[in-house]
Amino acid sequence: MVGADTAWIIVATALVLFMTLPGLALFYGGLVRARNVLSVFMQCYAIACLMSVLWLAFGYSIAFGPAGGGFWGGLDKAFLAGVTADSLSGTLPEVLFFAFQMTFAIITPALIVGAYVERVGFGFVLL
């Protein structure tokens, strides 16, 4: 484990997360009419919560687990099974690598909010 790598990834993880939740929510909130600002905030935060749970449940395992068929990983690391405080992913703690990659899983669908803002209801966002 390299301390400089770990410190930089912690900072980068925080920056991407801050870019998503307050940053993207406030940006899209400024583009809509006043009556839809709260809806935009709820959509961004709901996407962040939903994607965090999905990434924990099986996203990380499918993306970075041992390749079962050569294309995607299995479910060996679902719910971070087998990931301990000492396990590494390259030179980083695996939990930190999990969090870093999760921020990109969060921001990807959150970027799409701008395409359907003021056009769909809140329930549709959770689909």
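Each value in this text was obtained by applying a stated rule to the coordinates, not by laboratory testing. Not measured: the values here are computed from a predicted model. Don't worry about glycine lacking a Cβ; one is built from the backbone with ideal geometry, like all the others, and counts go over all protein chains shown.
Around the Cα centre of the chain, unit charges on the Cβ atoms of Lys, Arg, Asp and Glu (plus for the first two, minus for the last two) sum to a dipole of about 540 debye.
Spin-label model, residue 33/residue 79: points 7 Å from Cα along the beta carbon direction are separated by 4.5 nm.
In the chain, a dipole from Cβ-located charges (positive for Lys and Arg, negative for Asp and Glu) runs towards its positive end, and of 96, 20, 56 it is 20 whose Cα lies farthest in that direction. Run through all the Cα pairs of the range 61-118 and give the fraction in each 10 Å bin from 0, expressed as whole percent. Calculated P(r), rounded to whole percents: 21, 40, 26, 12, 2.
Given the chain, report the % of alpha carbon pairs whose separation exceeds 17 Å.
62
Using just its DSSP H runs of length 4 or more, each adding -39500 (n - 2.57), the chain gives a mean residue ellipticity at 222 nm of -17000 deg cm²/dmol after division by all residues.
By the Kirkwood approach, averaging reciprocal distances over each pair of separate Cα atoms, the range 10-68 gets a hydrodynamic radius of 13.1 Å. Compared with the alpha-carbon gap, the fully stretched path from residue 95 to residue 14 is longer by 27.7 nm at 0.36 nm per residue. Taking other C-beta atoms within 10 angstrom as a stand-in for reagent exposure, 55, 8 fall in the order 8, 55, fewest first.
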